[in-house]
Amino acid sequence: MKNKFTKPAGAALLATLFFFWGCAENSSKSEMSPQSGLGGSMARFAITGNTLYLVSKETLEVYDITDGANPVKATSKNMGMGIETIFPYQNHLFIGANDGMYIYNNQSPQNPALLSKYTHIQSCDPVVVQEKYAYVTLRGGVACRNWFSQSSLDIIDVSNPSNPVIVRSQPMLSPYGLGVSGNRLFVCEGDNGFKILDISDPTLAIEKFHLKDLTSYDVIVRNNRLIVTGNKGLYQYQYDDQDQVELLSKIPVL
Amino acid sequence: MVSYMKLILNMMKTLPHLLLTLLILSSCMTSPDETPVNGELFQGLGYKPIYATGAELKNVNITTSEALRSPGKIYILDRYLFVNEMGKGVHIIDNSDPKNPKNLSFISILGNYDIAAKGTWLYADNATDLLVFDISNPVEPKLSKRIANAIPMHNYPPFQNVYFECVDNKKGTIVGWEKVTMAAKPNCFR
């Protein structure tokens, strides 16, 4: 497979970017303001601080929600390409589009600036990010991919967000949402179940568990707990460092 | 293979050229009106838009709670869990005890797939409109604002290499797509 990367947009931008990225790493690990919540990687809506982002069709819509009851449109960015998902991480927005992953600098939350684009063959791709690496699932088959029908998990080095570099592409079955926490990566494989992978080496995902019966679409990971939705219902699990996975509850589909 | 992919990638940069090139290519292989640009044959299945009229679309109802049928995306805020019912609305669940989540209420919203929440406010899509709910009492959420046409929508289904019935905006707003058998090949393809 060929992957293409956009070139850095110029020395000035690069310098600015390093400055911002430095800030991002120094500021804090908590990317969410205390009162906003957390969505899964399939989300097209995201909130950071007082800003609500909506991605739809070909635009990124930005709303000021300082007054929560009255969202005020701040800006709209035309991306010229079908958009599927948005994942805020530190001072960046990672946007999954039909032609790749776009990285926006979010230092000025109500006027995000495009930094780079990681391009691959057409697909609809949720993305999650932890520290230096972005994890993107590319689903083959009928849904979104036009020219290729192989599903994969791509691991992309985003330590320089103006120049994302693929480090590995691993085969997957039929991936949808995914989640990351510490040395574990969680991948919803649609009708093919749910996978827990070891990323102690963040550039290599090693399968630890494949829960074949847990058909899954979206996942949220927080505090060693998993919340998973799929066509059988809503499942909650607890896991620990010894890889004990315990079902806490399920709300079945009726 | 690699050079073919390169060719495709280059062509994708210039869509008009791509279309022209593929039209020429496909005309070499088959009649262009039998086979679309990338060679997917019509096999009797296509996507049909599900329309809602203005009044139907704006009909937002709160009920005590409903069973999950087709759960989609999830969102957590404090002890609450919001679960999208694909195309139909939002379940609000008290998840203070993850071993015993309690279904509190259901907001029925046509064309709803996405949710986000902050403080006492829940944001949800209602096809092209953005809705704001006051969830200070999550058992009885209240619609507090509607921002019309906040969310641009495609006039084609969220799939590729598919045939579909062309959208007629006069019939209403699209709130979903259903895959149905079609006697004749529909006029739209992507």
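Nothing in this text is a laboratory measurement; each read-out follows from the coordinates by a stated rule. Every value quoted in this text rests on a predicted model; they were computed, and no experiment measured them. Here the Cβ is made from the backbone with ideal geometry for all residues, glycine too, and neighbour counts use every protein chain on show.
Rounded if a/c is under 1.5, else prolate if a/b is larger than b/c, else oblate: which is the stretch B:55-147, with a ≥ b ≥ c the root eigenvalues of its Cα gyration tensor? Prolate, since a/c reaches 1.5 and a/b exceeds b/c. The ranking of A:L178, A:L211, B:L130, A:L204 from fewest to most other beta carbons within 10 Å of each one's beta carbon is A:L204, A:L211, B:L130, A:L178.
Spacing of the modelled spin labels on A:A69 and B:N149, each 7 Å from Cα toward Cβ, amounts to 2.6 nm. With r as the distance between the Cβ atoms of A:N160 and B:S65 and R0 = 56 Å, compute the FRET efficiency 1/(1 + (r/R0)^6) and round to 0.05. Once the sixth-power term is evaluated, E becomes 0.70.
Could you tell me the center-to-center distance, by alpha carbons, between the stretch B:65-132 and the stretch A:60-77 in angstrom? Computed from Cα coordinates, the inter-centre distance equals 21 Å.
Sorting A:L226, A:L197 by the number of Cβ atoms found within 10 Å of their own Cβ, with the fewest placed first, yields A:L197, A:L226.
Modelled spin labels at B:F159 and B:K102, positioned 7 Å past Cα toward Cβ, are 4.1 nm from each other.
Each label point was placed 7 Å from the Cα along the Cα-to-Cβ direction; for B:V139 and B:L41 their separation is 6.0 nm.
Checking the table A:K208/B:K88; A:K57/B:K171; B:K102/B:K171; B:K145/B:K171; A:K132/A:K250; B:K58/B:K118 against a 28 Å threshold on Cα-Cα, which pairs fail? Spell out each step's value before the answer.
Working: A:K208/B:K88 36 Å; A:K57/B:K171 20 Å; B:K102/B:K171 39 Å; B:K145/B:K171 25 Å; A:K132/A:K250 34 Å; B:K58/B:K118 23 Å.
Cα-Cα > 28 Å for A:K208/B:K88; B:K102/B:K171; A:K132/A:K250; rest within.
What the Cβ-Cβ distance of B:A184 and A:N223 gives, at R0 = 41 Å and to the nearest 0.05, is a FRET efficiency of 0.15.
Sort B:R190, A:R44 so that the residue with the fewest other Cβ atoms within 10 Å of its own Cβ comes first and the one with the most comes last. All intermediate terms of the calculation are to be shown ahead of the outcome.
Numbers: B:R190 16, A:R44 22.
Starting with the residue having the fewest Cβ neighbours, the order is B:R190, A:R44.
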